[in-house]
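Contents: one structure, followed by commentary.
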Ligand SMILES: Cc1ncc(COP(=O)(O)O)c(C=O)c1O
C-alpha cells in the first residue's frame, strides 16, 4: 500500500457510500482511463468478469470460436467456456513470449478453410510486456475480427509510446492481490467505444431495464466493483509509476547479480517498456531436473518462486481444443524452462541478494555434480 488508500476508504465511510457505486468508483474509472489514454472505463469485480462481458459484447455464444494466447493464466480463457464457446490457442513468439503473428496467421487460415472464423481474439500482454501490436492487429483487421486486449498483468507498460490496454477494441485490467496495483480483487474494462462500455455496464449490474420497477429482458451479472475497493485502487494508482520504477530496479539488480548463470531473462522488445511486473528467466542447462531442483531449493528456504504459466493447450481442461504453433513449440519450452522470481515492490537489497545467492548455489552444486 502507498498511504493514500485509507484516505479514500475513509471518504467512502464518511459519505456512507458502502456500495458497488460511489465517488471512488467514478473517480477510479476516470483516473485510470486518463492514465491509459482511453475514453471510457468500467470498474468490475475481477479481470475475468471483464473478459467474460467483452466476449458477450462481441456476440460469443455456444459453439462459437475464440482465439486466445496459449501462454497465460486460466482467467484469460475460462470465460470462453462460460459462453459455451471453443477456445483456439495460439503459441508465443520467442521475441516477447507474447502471441506469435506466425501462429495467429496459421490459425486464421485454418479457420477460413474450416468455416470456423472466431468472434474475437484475446491477446495477452504477458508478465507486464506488450504484445507486438504492429504485427498482430493488421492480421485481425484483415479477417475483420475484434481484439480483446488482456492487459491484466500490464498496467503501465507501453508499446511505441502508447499504454497497454489501449490496443484492443476492448482492454481489460486486473487488480487481483498479486498484480502491480491491487484493489484486493477487481478489474476494469476500457474502450474508446462508448456503446460497448454502456452495454457491459448494463450486464454487470443485473441487466436492469430502465423502468420504475425491476424489469429484466436479458440475463445479468453482479460484477461491479465496490466503492471501498475502488478507494484502494485510487491510492494505488497514484503510486503506480513508483511501483514500476521499483520493479524495474529489482529486475536490473537480478540481471546484474545473475549474469554469470546459465539463464536468460525474458527478452525485452525495443518497441516498448514493460511494467516489470515479474522478473522471469529461462534456464539453458541441460540438467534434466534443474527446474525442479531450483523450485525445491527455494521452497526449502521459504521463498516463493513459481514456474512460468503452464500453457492452456497443455491443461487437462483445454487439451481437446485446437492449438497453433509458432514454428518450434515456444510456449511449452518456456513453461519447461522458465521460473518467475520474487518481484514484489517491497523487496530490499538483501532480499534480492539472498534470492541471487540461492540460485547461484543451486547451479554450483548441480554443475559440480
Ligand atoms: C493474463 C491474465 N488474465 C486474466 C487474469 C484474471 O484476472 P482476475 O484475477 O482479476 O480475474 C489474470 C490474473 O489473475 C491474468 O494474469
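Under the classification rounded if a/c is under 1.5, otherwise prolate if a/b is larger than b/c and oblate if not, where does the chain fall, given a ≥ b ≥ c as square roots of the Cα gyration tensor eigenvalues?
oblate
If neighbour count is taken as other Cβ atoms inside 10 Å, put 91, 270 in order from fewest to most.
Going from least to most buried by this count: 270, 91.
Which of 312, 117, 99, 188 comes first, and how do the rest follow, when ranked by fewest Cβ neighbours within 10 Å?
117, 312, 188, 99
For region 49-130, what class follows from the C-alpha gyration tensor (a ≥ b ≥ c being the square roots of its eigenvalues): rounded when a/c is under 1.5, otherwise prolate if a/b is larger than b/c, else oblate?
oblate
Give the relative contact order (percent, whole number) for the chain; include only Cα pairs under 8 Å separated by 6+ residues.
Once divided by the residue count of the chain, the mean separation gives 22 percent.
Can you put 181, 244, 172 in order of Cβ neighbours within 10 angstrom, beginning with the fewest?
With the fewest neighbours first, 181, 244, 172 line up as 244, 181, 172.
Using only Cα atoms, find the angle between the long axis of helix 133-142 and the longest principal axis of the chain, and express it within 0 to 90 degrees, rounded to the nearest 10.
Helix 133-142 sits at roughly 50 degrees to that axis.
What length, rounded to one decimal in nm, is gained on full extension from residue 212 through to residue 260, with 0.36 nm per residue of separation minus their alpha-carbon distance?
Extra length from residue 212 to residue 260 when fully extended: 10.3 nm.
For region 268-323 and region 54-87, what is the separation of their C-alpha centers, rounded to whole Å?
If we compute the Cα centre of each part, the gap is 23 Å.
Listed highest first by mean packing, meaning other Cβ atoms within 10 Å per residue, what order do 73-86, 223-236 come in?
The densest-packed peptide leads the list: 223-236, 73-86.
In nm, to one decimal, how far is the residue 18 label point from the residue 202 one, both placed 7 Å along Cα→Cβ?
Roughly 3.3 nm, to one decimal.
Compute the acute angle (0 to 90°) between the alpha-carbon long axis of helix 23-36 and the principal axis of greatest extent of the alpha-carbon atoms of the chain; round to the nearest 10°.
Compared with the principal axis, the helix lies near 50 degrees.
What is the spin-label model distance, in nm, from residue 4 to residue 222 if the labels are put 7 Å beyond Cα along the C-beta direction?
Each label point lies 7 Å from its Cα, and together they span 3.2 nm.
Peptides 103-114, 145-156, 257-268, 23-34: what's the order by average Cβ count within 10 Å, highest mean first?
Per-residue mean Cβ counts within 10 Å order the peptides as 145-156, 23-34, 103-114, 257-268.
Among the DSSP beta bridges whose two residues both lie in the chain, what percent are antiparallel, rounded to the nearest 5?
DSSP beta bridges in the chain are roughly 60 percent antiparallel.
Contour minus end-to-end for residue 348 and residue 95, with contour as 0.36 nm per residue of separation and end-to-end as the Cα-Cα distance?
Residue separation times 0.36 nm, minus the Cα-Cα distance, leaves 88.1 nm.
Can you compute the FRET efficiency between residue 270 and residue 84 using 1/(1 + (r/R0)^6), with r the Cβ-Cβ distance and R0 = 35 Å? Round to the nearest 0.05.
About 0.25, to the nearest 0.05.
Can you give the FRET efficiency to the nearest 0.05 for residue 245 and residue 306, using r as the Cβ-Cβ distance and R₀ = 25 Å?
That gives a FRET efficiency of 0.60.
Modelled label-to-label distance, residue 287 and residue 114, 7 Å Cα→beta-carbon offset: nm?
The modelled label-to-label distance comes out at 4.1 nm.
Quick note: the coordinates plus some simple rules give every number you see, no bench work behind them. Fair warning: this is a prediction, and the values are worked out from it, not measured in the lab. As a convention, Cβ positions derive from the backbone with ideal geometry for all residues, glycine included, and neighbour counts pool all protein chains shown.
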